[in-house]
Every structure is written in C-alpha cells, then in structure tokens.
2 protein chains.
Amino acid sequence: MTVPSLDEVRELAQQLRVDSVRCSTAAGSGHPTSSMSAADLMAVLLARHFRYDWDRPDDPANDHLIFSKGHASPLLYAMFKAVGVVSDDELMTGYRRFGSRLEGHPTPVLPWVDVATGSLGQGLPDGVGVALAGRYLDELPYRVWVLCGDSETAEGSMWEALDKASYYRLANLTAIVDVNRLGQRGPTELGWDLDAYARRVEGFGCRAVPIDGHDLADIDKAMADAAGADRPTVILARTRKGRGFSEVEDREGWHGRPLPAEMAERAIVELGGERHITVRGPDPEGGTPRERPSGEVSLPRYEPGAKVATRKAFGESLAAVGARPDVVALDGEVDNSTHAEDFAKAYPERYFEIYIAEQQLVAAAVGLSVRGYVPFAATFAAFFTRAYDFIRMAAISEADIRLCGSHAGTEIGADGPSQMALEDLAMMRAVHGSTVLYPSDAASTAYLVQEMAGRGGVVYMRTTRGAYPVLYGPDEAFPVGGAKVVRSGPDDQVTLAGAGVTLHNCLAAADELARDGIGARVLDLYSVKPIDTQALLAAAAATGDRLIVAEDHYPAGGLGEAVLEALNGAGHPARVAHLAVTGLPGSGTPAELMEAAGISAGHIVRAARGLLGG
Amino acid sequence: MTVPSLDEVRELAQQLRVDSVRCSTAAGSGHPTSSMSAADLMAVLLARHFRYDWDRPDDPANDHLIFSKGHASPLLYAMFKAVGVVSDDELMTGYRRFGSRLEGHPTPVLPWVDVATGSLGQGLPDGVGVALAGRYLDELPYRVWVLCGDSETAEGSMWEALDKASYYRLANLTAIVDVNRLGQRGPTELGWDLDAYARRVEGFGCRAVPIDGHDLADIDKAMADAAGADRPTVILARTRKGRGFSEVEDREGWHGRPLPAEMAERAIVELGGERHITVRGPDPEGGTPRERPSGEVSLPRYEPGAKVATRKAFGESLAAVGARPDVVALDGEVDNSTHAEDFAKAYPERYFEIYIAEQQLVAAAVGLSVRGYVPFAATFAAFFTRAYDFIRMAAISEADIRLCGSHAGTEIGADGPSQMALEDLAMMRAVHGSTVLYPSDAASTAYLVQEMAGRGGVVYMRTTRGAYPVLYGPDEAFPVGGAKVVRSGPDDQVTLAGAGVTLHNCLAAADELARDGIGARVLDLYSVKPIDTQALLAAAAATGDRLIVAEDHYPAGGLGEAVLEALNGAGHPARVAHLAVTGLPGSGTPAELMEAAGISAGHIVRAARGLLGG
C-alpha cells in the first residue's frame, strides 16, 4: 500500500477540520476549535505512522491511539470517518446524541477506543500502562500514541506518567502535546513557550521534540524519529486553536463552543469545502504477544486458629494466582506492607514498581487491562483516595482492574489517621459496577483473591494490618455476593454483622454475650458489594430483627449503609444498630482505637444488650 | 539574641537524632532513620533561619514549617523539645500513644503544626497555599519552609506545587528535599542523582540548590540564599538515611522501624549520648497582615419562577460574600463554568487561578485556611474526585475549606459520563466532619453560600448545570441541617424527596399526581449532611411512611442512603423507594439522560403509584 503524500495529508487534515466543525455544529455542542488545532498532527499520524488494521481492532499487533484531550472527540470521530469505520451519516446524526456510541468524550463503547477520557491528565498515564505491556509483557513492536492538551500538563498525573515512562524506558510511547496556548477560560500558564515545556520534559527523562504543529514535514519527521528513538518521545507541537478558520483561530472565547450554523458554513468554505477522502495508514507489523507458561493455581492453605493478617494472605494468594500467566501486579512502593512483594519475588517479570504515584498506579493497571492482562494494584487503602478520579474513569473505561488496599481503619494503630482508610468503602461502593470485598481471615482472603482474578470491572479488596485467627477451613467457598454465618444457635436473639477486623470483634462480643446466656448469630459480610441480602434477611428473621452492624469506617457510605440499602431494597427496612467510627482518631494501639471509636467487642455487647432491652 | 554557631548546631543535630531514636524506641514504632537523615537540615533551620516566636504560635509574623515527609515526626517532635515547648517526658511517654498529641504523623492538634501530613506529596502543595497568603494577601515577610522526602517527588502533586510556586513567584517558599535515596522498600527511582532532581526543579521554574545535606555550612548558605532569592527555592540535600549510627546508616531494611532497645543504646553512644540543649532561633520580623476594607454582604435576590442555574447563583453569591475581606476564591481553570469568575472579576486580588490541578486547588485552599482566610475552591464536581486524598487530609488538618462542584450528575447532558459527578455525594459525606449541601434553586444557593463562609470543616456544595425555576422568596432562610417542605396538602399520600435537579423532577411528578387526585408532599433535602431527620420523620408520619427519594447520583452513599441512615438512626426504619442512577450513562439531553437513569418525573410518578398500590 502506498503511503499518502504530504499533499494528500494536507487535504485529509482539512477534511478532519471540516468534519469537526460539521458534527459539533450539528450536535449543538462540542469542541471544534480544540480539534482544529490538532488536525494536522492527527492527519500525519493517521496517514503515515499509525499502524492499525481498521478491520481488526482486536489485532494484538495494532498500534494504540489515546486521546488524552478527550474533548477533541470531533477530531477523533472524523478520523474514524476518514478510515471508513464510521459513516458520515453516523458522524452527523450521532455525535453527542442519546443512545449513540459517538459520545461527548470517547469511551470504549467504540471498538477503536482503549480507554475513556475527558477527565484530563489520564490518557497519558493510561498510555504508560499500555506501553508497559508492549515492552515488557507482549514484547510486540506496537506503538502507543497519545494526543495531549497543553492545559492538562498542569495535572501532576502527567508528570507521574513521564517519570514512569522514562524510568521504564518506554521508547514505544509517544506523547503529542497540542500546544494551542488557550485553555477553557483563557491563556495557559506557559503559552507557546515550547522551551519551558521542553525543559520539563527533558528533566523528566523523555525526548522533547518542539515542532511547528501545522508544518506537515516537521510533524512527519518528528513522528518518524519517535518511532526510532530509544526513550519516550514528547512532541511539543506549537499550534493555533481553531486553525484554519480566521474568525476563531487563536481567539479566546471559543473553547467548547460549536460554531453557529452560519459561521460553520463560512468555516467550511474557508477550509476548502467538504471532502470525503478515505485513507488507510500502514498495517501493523504483525506478531502475537509472547506466551508464557501457564501453571496450576494452588492457593495457600491456612490452619484454622492460626493468626494470619489478611494482607499477608493477600500477598501469598496473589503469588499463587500468578500461576496464571496473564496476572500482573503493581504496587506504590509499599509492597512489603501490602505483601504484593510475594508476587514480585515469584514473578518479577510481571511486576511493576510504580513508586509513590497512586494515580499512575491505577492508570497503569487500566492500561494493562487494555492489553488483556489481569492487573492487581496494591497500596495502603487510604492512598487509593489519591486515585479516585482514575478509579471512577476506569469504570467508564470498562476496565477490569483489581485493587487491594491494606492497613484499613483505626485498627492500624500508632501511625494515626493519615494512614487510616475510613472512607474507602464509601468511595469504592459508589463506583459504577464495582465489587467491594473485605475478608476477615486468611482462608476467605485466599479464595477471594482468586475470585478477583476472574471478575470484571473495578474490584476492590480491603485488608487489615494485624494478624487475627483463621476462621474457616481451606476448602470453604466464598462466592462474591455471599456471606457466612460464622456462629449460630437455635436460640439466637441478636445478629452481629461485621467484616474484616470487626468480625473478630463480633465474635468476641458473641462470646461475652454467651456467658450471659444470650445467643448471638455472627454474620461475616465479606462481600460488601454486592451484599448478601438473603443472608441479611435470614439473620433478621432468625433474631427478631435485632441487627447490629459494626465497621471500621466512618458512618457514611460503608458497610452499615450497604446493609440498610439492602434491607430497604428487599422491602424489609429493619432497624440496625450501626457502630462506626464517628470521631477523628489519633494514635494508639488497635484495641485502644477501636474502643475509642465505638466498634470494639465491648461496644457491640452494649449495643446488643440495648436491643434486648438490657 | 545571639545566633548559635555551627558547632552548637552540630550538637543540636545530634540531640535531634538521639531524641528521634529514643522516642521511637520507647513507642515501639516510628521512623527514626528518616528523621536522622534530615536532622542536620532541621538543626540549621531551627537554630539560624526559622523565625518563630515559640511562645506565640499565633503570631501572624511567624515563619511556617511543614513536614511534608510527616513520617519524620520523631525529628519534628525532637525539635519541639529543643525549643522547650514539649518536655522530654512528654516526648518519651507520649509519642504515638493513645490520647497524646504527639501522633504518629503530625496533626494540628499541636499548636505549632499547620496541617496534617503523612499522606505524601501534600505538605508542599499545602505550603504553596500558605505562601500565596504571605505574598498576595497578608503581604508579610514570613517564610514557608517545607521538609520533603525524596520518595514523595514521585507524586504528581509535588510538581503541581512547584509549577504553581514558580507561576506565582513564591520566593517566600523553600522546599528542602531530604534525598536519602532510600524509600520504604528500597532505593528510590533517582537515588542520589541530584542533577536529575535539579533538572526537574529548574524545568518547573524553581531554584534548585544541590548540597551535601550533612555539611552544616552548605546547608546554612543554602538557607540564607533562599531567604534572599527572587523565586521559590528547592534545596536538594544529599543525605544518608539513619545518618550517625553506623549499624543502620544508608542501609536498606530500616524504613519505619524503631531500633530495638540494645541497638538504640549503641546508637545513642555513637551519637555522643543524650543532650538536653535548648535553643531558640531568630524572632519573626513582626508586622500584621494587610487589612482590607470590609463591606456589607448583600446577597443577590432572585425572582421566584425565573430560571437560574444554581452554579450561576453560586458565582453571584460568592461575589457578594466577597464583601468580607477574608473570603478568597480559587478555581481549576473552569471559572466560566463554575461561575467563580464572578468573584474573580469583583476581587481579582483575592482570586487564584490554579489551572487544571485539582490537588493543588484543594491544597491551596487548605494553606489559605491556615492563615485564617475563608477559601472557596471551585471546579466541576466530577473533578474533585482528583483531590479526594487532599480533602480527606483537610479534615484531619481541621482545615476550614469550602468546595463547590458544578455540573453534577447526568443532568449535564451531552458531555457524557467523564464529566458527570455520580460519586461525589458519597465521597464528600464520608469525610470526617463534612457538610454537604445540594441546593435546587438560586435563592437557597445564595443563602447557603453565605452559610458556607461561616462554617468550619470541609463544606461542599453541589451545583447544577442547567437553569431551573427559582422556588423560594429572597428572604427565606435555609439553615444547614434543615429541609424545606416545598409542597404539601392535608391529604398528602406520599412524600417525594429530592435535592438539586431531582427536586424539580419531584415537583413535576407532584403536578402529575395531583392531576390524578393524589396529594404528594415534596421535600427539598438541600442539606444532605447533616440531614434534617425531623423533617423526614414528619413527612413519613404525614404520608403513611410512603417515601420516595430521587437523586442524580449512583445509588451508594448518596442522598438515598443518607435518608435511610437518618431514619434508621431515629429508630424509624421506614421503607424508601430509592431512585438513583444505576446504569452507566452516555451522552444525550438532560431529559433523555434523567429518563434513562430512572430519576425523571415519570419515574417518580410510577414509584408513587407503586407505593400506593396503583
């Protein structure tokens, strides 16, 4: 196949501009000017450098293209039209319309889109994850191209990405920054100061290539050079927002505004009219991902009664699940705390140290999932709050990622509140399609780690710092969405429900109540989302609707509200005595802090006596 | 007062090391080696450069010291002992103990601590906020010194901070990076490559000053020069972790581990034994913050029935509240969307454009609150997820900050899910001590913006993109923790509760039900946290426990669960028909998307009929 000439590319670029104007004007919303600045860049890429089989978007040898500046979706969709996978009719009638796959910002509803973008500063970190897969796992020569905005370089996550790109020598990654100098509300911080951008990029260990982003030969050379470079490239392209239509070009006040119909007509005329060029760029080089030997997963087995921290069981189980060659792991420089180090030792070639950069940690997991890997990312539960925007967007990306947050709750003790996750259950439950797991012992942890590997969406496991007794035998099953009755008797008068460390407090409370002749049913809600509504209803029925829920979490959005919502949804809004962390904790021993927080065994006993009118 | 000589400082540094060892060994936890690497840096600072009246921590002319590497708390507390504000006894018996103010990581429980740290990468961004206040608001010569770890430079937020520090020419800010080359689990990415650090720092527009962090003269000169510099300084200090005790110095495996008692004894001997030096550094230069004229707050008044977006009312009300000279505003480069631009136009000298860096946006607000200002920070509600770790830590910092998130929910329409906040209520409700407000009209927005200015803690307001009718008269009060019965009649059979846009859907539903002769009470839950439990109970009682809650948010952790928790807490667990966004939305019109999400007036009507057995 012949490579289109730069003259042909020039025509293509104008078509991309015209179509960006047309579809956004038709939709009555969108970002035509942000598309027009990058049209020359993308035309050169599409026609001459992007190696992609448009008939086989699942070809593992295809290059990847991520629009980190997702608001330039008109340009992306115009490119899809230019290669013939989206019709002009779909572009004109679908863009930003209800039920259409041509959403306001790109999502993987489209087969040619890897990840959802639109929250700035995420596409590049996601691209780092894809490039990690290419270089270290697939060992395929595909390239990862990321179109970035200049405004989004203010996001720290962009620098986390470039830091990791250089650290991991991701020569297969090229970022193209569309430096059009205008953000939403006016000029950017650095304007057209490409030297300033270049100093930052080079400081972070990547190749900075400043170019005129409207000079096709310049662009072409930069992209060709990037393909042959030995480290990641950042093309810094000086462009003009709204390029090609004099009424808006390089003018403020036109961000995120479609052109009114009459202006759009004038723009199309100035751009040389409508075109319907179809273009196909180079084919992928071919090849298949490197295969690695598959082993049998043999989960660790724990002796009931032995004291094992769930974070330790997580690490051991993750290493066991690593027998699956598609499982990969990442950690934020705390793998000796989360115990992800067990995996790192067993499978160093499938382990990525992300250092203390939790946004990049999650983004790398998303990128690895794009390539079909089964990523587990671990850090302290508290520090996943750092990546909440990325987790939220992962759900929109329909990424399958597994997150393990250790050291949850006041139970961590002396380190104090900065290290305590007391909001993570609320945060994770709110994510679309998420699964939230909170095992209390090593046996259930092991089972659930294996479940996580097979489950889609954002799957979160919360683990505990301290060691507590193994409660279950090694052959017990813990399906997602289930619960366990850990203790019960024919005369149970009250249900004590917990998860993680509070389950052990519930058991201690049941012991104490038993000494007073009060039978207590103890319920292990290891699956916080989905929660086992039937088990809750059965426990409520068996114990006269006397329910206590204890959680090492603030009151809002956690286990207690999950129980209330489940009971309510089932049409059985029973009263729940909800014990949660209400004050701001300090340092202390786990026992002191759980007592102060009101979630200790003693508090559960008192709550039970209260329900029983004692 | 005479300035201590460097020989005296050397003794002080050894004391700081010895005390770091002693207190962490006594506590059985803590980070002595991370303290020892920075002891020379802090000894020089404390004795010769840090201008602070230790008897008057509230002196507005005092310098500020923030330990961004909060785990070096033994060092900080040893400094407090050295200046005589913490006794040796308190240090030895209090550190990391329950009920003590010497927590595992510093918090403002201590009068000399500005902000809680311990989640890395936050102290420097917070310091930027304090320095903004110094340069632009107080106009006082105090300096802001931030001790940073080398590991935390992997956090993007550190680069957001340096970017803003240079953009705002914060010559009053000095970061001191303790480059001890060892993180928690091993070597850092950049090791002792001070040149690499320097390239990054200079690339971001700050002065990089590489030094030997154990050469007191080097340190002294760097700090003196920083005080006279015309832009922010980053001292890059090459140090050795565990410096001064040969058994651990520069060795792996000693992060976050106290020395066992016998090792501690040997360390103290090697460090020259216990000392009890008291030192006071220079006094502050004096002065008081610049005073600005105070005006009368005159809130905007809206005509009932007029269509006004709550985000517009927010901006206009914020500008009105700006008559208070302590009110300041910040935005993440979307002030023409959030309408914070109204404040920016009225009070440009008290407005800070943070560009697209939401972590720094929140951190700057925290820093401004340290100096007693009343910050309002605004961006799209969805993008506050980017700063959740900062918001969580702001609560531990006991900072008083006000956040306004616009464009919440599916109601935004065509832009699609990346721009929709559907998790923000869960996220914000879970924050300790937070207030969550979600007004439905311009009148209540105006009132609540003024309430926000007077309220402590993390106060969040959610606003809506579209314009909806003003429901209330301009003299109505909307106390935090209240609710409004917007419509009621003697024969109400069902309560329709909403907030924000769904309140309008509830009103439309009530209209339709009325046409069928069904009386519906409509409840405006503008205060999501705290919620008006009495109003909920009254409505339940008046309408036979038939309650519908509709929210433009995912089901978990939002308005519905807040209602369930409130009813449950009041001992009245009534069944609630909970309408929330269950699927993953795409693009469309607000009406289409709310219909598809199941929260439209039609859905509310159907739910009501369902409750009434229709």
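Checking the conditions here, which among B:L147, B:L120 is open to solvent by 10 Å² or more (accessible area, probe 1.4 Å) and outside any helix (DSSP H, G or I)? Even if it seems obvious, please write down each step before you answer.
Values: B:L147 fails: open to solvent by 10 Å² or more (accessible area, probe 1.4 Å).
Result of the check over B:L147, B:L120: B:L120.
Check A:L425, A:L448 and return the single one that is touching a residue at least 40 places away in the same chain (Cβ under 8 Å) and touching a His at 6+ places or on another chain (Cβ under 7 Å).
Numbers: A:L448 fails: touching a His at 6+ places or on another chain (Cβ under 7 Å).
Step by step, each of A:L425, A:L448 is checked, and only A:L425 is touching a residue at least 40 places away in the same chain (Cβ under 8 Å) and touching a His at 6+ places or on another chain (Cβ under 7 Å).
Kindly check whether there is at least one residue in region A:478-487 that is of a type in the set (K, R), touching an Asp or Glu at 6+ places or on another chain (Cβ under 7 Å) and within 18 Å of A:K307 (Cα to Cα). Before you say what the answer is, go through the steps one by one.
First, the residues of region A:478-487 that are of a type in the set (K, R): A:484, A:487.
Then keep just the ones that are touching an Asp or Glu at 6+ places or on another chain (Cβ under 7 Å); that gives A:484.
Narrowing the set further to residues that are within 18 Å of A:K307 (Cα to Cα) leaves none.
For region A:478-487, residues of a type in the set (K, R), touching an Asp or Glu at 6+ places or on another chain (Cβ under 7 Å) and within 18 Å of A:K307 (Cα to Cα): absent.
Please work out which one of (1) of a type outside the set (S, T, N, Q); (2) in contact with a helix residue (DSSP H, G or I) (Cβ under 7 Å, 6 or more places away or on another chain); (3) part of a helix (DSSP H, G or I); (4) open to solvent by less than 20 Å² (accessible area, probe 1.4 Å) is the condition B:R311 fails and give its number.
All conditions pass for B:R311, except number (4).
Which of the numbered conditions does A:D212 fail, given that it passes all the others? Conditions: (1) crowded, with 19+ Cβ neighbours inside 10 Å; (2) under 30 Å from B:Y197 (Cα atoms); (3) of a type outside the set (S, T, N, Q).
Just one mismatch for A:D212, condition (1).
What pairs come out if I take residues in region B:81-105 that are on the phi < 0 side of the Ramachandran plot and pair them with residues that are in a loop (DSSP other than H, G, I, E, B) and among the charged types (D, E, K, R) whose C-beta lies under 8 Å away, six or more apart or interchain?
B:V83/B:R280; B:G94/B:R101; B:L102/B:R96; B:E103/B:R96; B:G104/A:D415; B:G104/B:R96; B:H105/A:D415
Could you pull out the residue among A:A382, A:A364, A:A408, A:A378 that is of a type in the set (A, V, I, L, M, F, W, C), open to solvent by less than 10 Å² (accessible area, probe 1.4 Å), farther than 30 Å from A:T502 by Cα and in contact with a helix residue (DSSP H, G or I) (Cβ under 6 Å, 6 or more places away or on another chain)? Outline the logic, then answer.
Details: A:A382 fails: farther than 30 Å from A:T502 by Cα; A:A408 fails: farther than 30 Å from A:T502 by Cα; A:A378 fails: farther than 30 Å from A:T502 by Cα.
Answer to the check: A:A364.
Has region B:389-410 got any residue that is part of a loop (DSSP other than H, G, I, E, B), away from chain A (no Cβ under 14 Å) and touching a residue at least 40 places away in the same chain (Cβ under 8 Å)?
yes
Please state which one of A:P74, A:P125 is within 11 Å of chain B (Cβ to nearest Cβ), of a type outside the set (D, E, K, R), over 20 Å from B:A421 (Cα atoms) and in a helix (DSSP H, G or I). Before you say what the answer is, go through the steps one by one.
On the way: A:P74 fails: within 11 Å of chain B (Cβ to nearest Cβ).
Sole residue among the options that is within 11 Å of chain B (Cβ to nearest Cβ), of a type outside the set (D, E, K, R), over 20 Å from B:A421 (Cα atoms) and in a helix (DSSP H, G or I): A:P125.
Of the residues B:V576, B:V563, only one is among the aliphatic types (A, V, I, L, M), touching a Leu at 6+ places or on another chain (Cβ under 7 Å) and within 7 Å of chain A (Cβ to nearest Cβ); which?
B:V576
Within region A:442-461, identify whether any single residue is of a type in the set (A, V, I, L, M, F, W, C) and within 10 Å of chain B (Cβ to nearest Cβ), and answer yes or no.
Here is the first cut: in region A:442-461, the residues of a type in the set (A, V, I, L, M, F, W, C) are A:442-443, A:446, A:448-449, A:452-453, A:458-459, A:461.
The next check asks that each one be within 10 Å of chain B (Cβ to nearest Cβ); those that pass are none.
No, region A:442-461 contains no residue that is of a type in the set (A, V, I, L, M, F, W, C) and within 10 Å of chain B (Cβ to nearest Cβ).
Does A:A323 satisfy being away from every other protein chain (no Cβ under 14 Å), free of Cβ contacts under 8 Å to residues at least 60 places away in the same chain and open to solvent by less than 20 Å² (accessible area, probe 1.4 Å)?
Values: away from every other protein chain (no Cβ under 14 Å): yes; free of Cβ contacts under 8 Å to residues at least 60 places away in the same chain: yes; open to solvent by less than 20 Å² (accessible area, probe 1.4 Å): yes.
For A:A323, the condition - away from every other protein chain (no Cβ under 14 Å), free of Cβ contacts under 8 Å to residues at least 60 places away in the same chain and open to solvent by less than 20 Å² (accessible area, probe 1.4 Å) - is met.
Tally time: how many residues in region B:1-52 are of a type in the set (S, T, Y) and open to solvent by 10 Å² or more (accessible area, probe 1.4 Å)? Write out each step before concluding.
Within region B:1-52, the subset of a type in the set (S, T, Y) is B:2, B:5, B:20, B:24-25, B:29, B:33-35, B:37, B:52.
So of that shortlist, the ones also open to solvent by 10 Å² or more (accessible area, probe 1.4 Å) come out as B:2, B:5, B:25, B:29, B:52.
Looking only at that region, the number is 5.
Kindly indicate the residue of region B:297-308 that is in contact with a strand residue (DSSP E or B) (Cβ under 6 Å, 6 or more places away or on another chain) and more than 12 Å from B:T445 (Cα to Cα) and also surrounded by the most Cβ atoms within 10 Å (Cβ to Cβ) among those meeting that condition.
Looking at the filtered set, the residue picked out is B:K307.
For region A:522-601, which helices (runs of 4 or more DSSP H) that fit wholly inside it have 3 or more residues that are out of contact with any Gly (no Cβ under 9 Å at 6 or more places or on another chain), farther than 23 Å from A:L422 by Cα and open to solvent by less than 40 Å² (accessible area, probe 1.4 Å)?
Numbers: elements: A:533-542, A:559-569, A:590-597.
In region A:522-601, the matching helices (runs of 4 or more DSSP H) lie at A:533-542.
Any chance region A:83-92 includes a residue that's buried (at least 18 other Cβ atoms within 10 Å of the Cβ) and within 29 Å of A:D138 (Cα to Cα)?
Yes: region A:83-92 contains one or more residues that are buried (at least 18 other Cβ atoms within 10 Å of the Cβ) and within 29 Å of A:D138 (Cα to Cα).
Report, by residue number, each residue of region A:359-402 that is on the phi > 0 side of the Ramachandran plot and not small (G, A, S).
Taking region A:359-402 as the starting set, the residues that turn out to be on the phi > 0 side of the Ramachandran plot are A:372, A:398.
Once the filter is applied, which keeps residues that are on the phi > 0 side of the Ramachandran plot and not small (G, A, S), region A:359-402 yields only A:E398.
Going residue by residue through region A:423-443, is there one that turns out to be under 24 Å from A:E353 (Cα atoms) and under 14 Å from the mean Cα position of the chain (by Cα)?
Within region A:423-443 (the criterion being under 24 Å from A:E353 (Cα atoms) and under 14 Å from the mean Cα position of the chain (by Cα)), the answer is yes, since at least one residue qualifies.
Of the conditions (1) farther than 17 Å from A:V115 by Cβ; (2) open to solvent by 10 Å² or more (accessible area, probe 1.4 Å), A:S369 satisfies every one except a single condition; which number is it?
(1)
If B:A154 satisfies all but one of (1) open to solvent by 10 Å² or more (accessible area, probe 1.4 Å); (2) under 24 Å from B:D389 (Cα atoms), what's the number of the condition it fails?
Among (1) open to solvent by 10 Å² or more (accessible area, probe 1.4 Å); (2) under 24 Å from B:D389 (Cα atoms), the lone unmet condition for B:A154 is (1).
Under 7 Å by Cβ, and 6 or more places apart or on different chains, what pairs join a residue from region B:516-534 that is among the charged types (D, E, K, R) with one that is part of a helix (DSSP H, G or I) and open to solvent by 40 Å² or more (accessible area, probe 1.4 Å)?
These pairs meet every condition: B:R521/B:A542.
What about B:D163, is it away from chain A (no Cβ under 12 Å), of a type in the set (D, E, K, R) and crowded, with 24+ Cβ neighbours inside 10 Å? Show your work before the answer.
Values: away from chain A (no Cβ under 12 Å): no; of a type in the set (D, E, K, R): yes; crowded, with 24+ Cβ neighbours inside 10 Å: yes.
In short, no.
Which residues, taken from region A:448-466, are surrounded by fewer than 24 Cβ atoms within 10 Å (Cβ to Cβ) and closer than 26 Å to A:M594 by Cβ?
Passing the criteria: A:R465, A:G466.
The values are calculated or read from the model by the stated rules, or taken from the named source; none is laboratory data. Just so we're clear, the structure is a prediction, and the values are computed from it rather than from any experiment. FYI the Cβ positions are ideal-geometry reconstructions off the backbone, even for glycines, and counts take in every protein chain you see. For the accessible areas, the whole protein counts, side chains as well, though only heavy atoms, and no ligand, DNA or RNA atoms are used. Shrake-Rupley method; radii C 1.70, N 1.55, O 1.52, S 1.80 Å.
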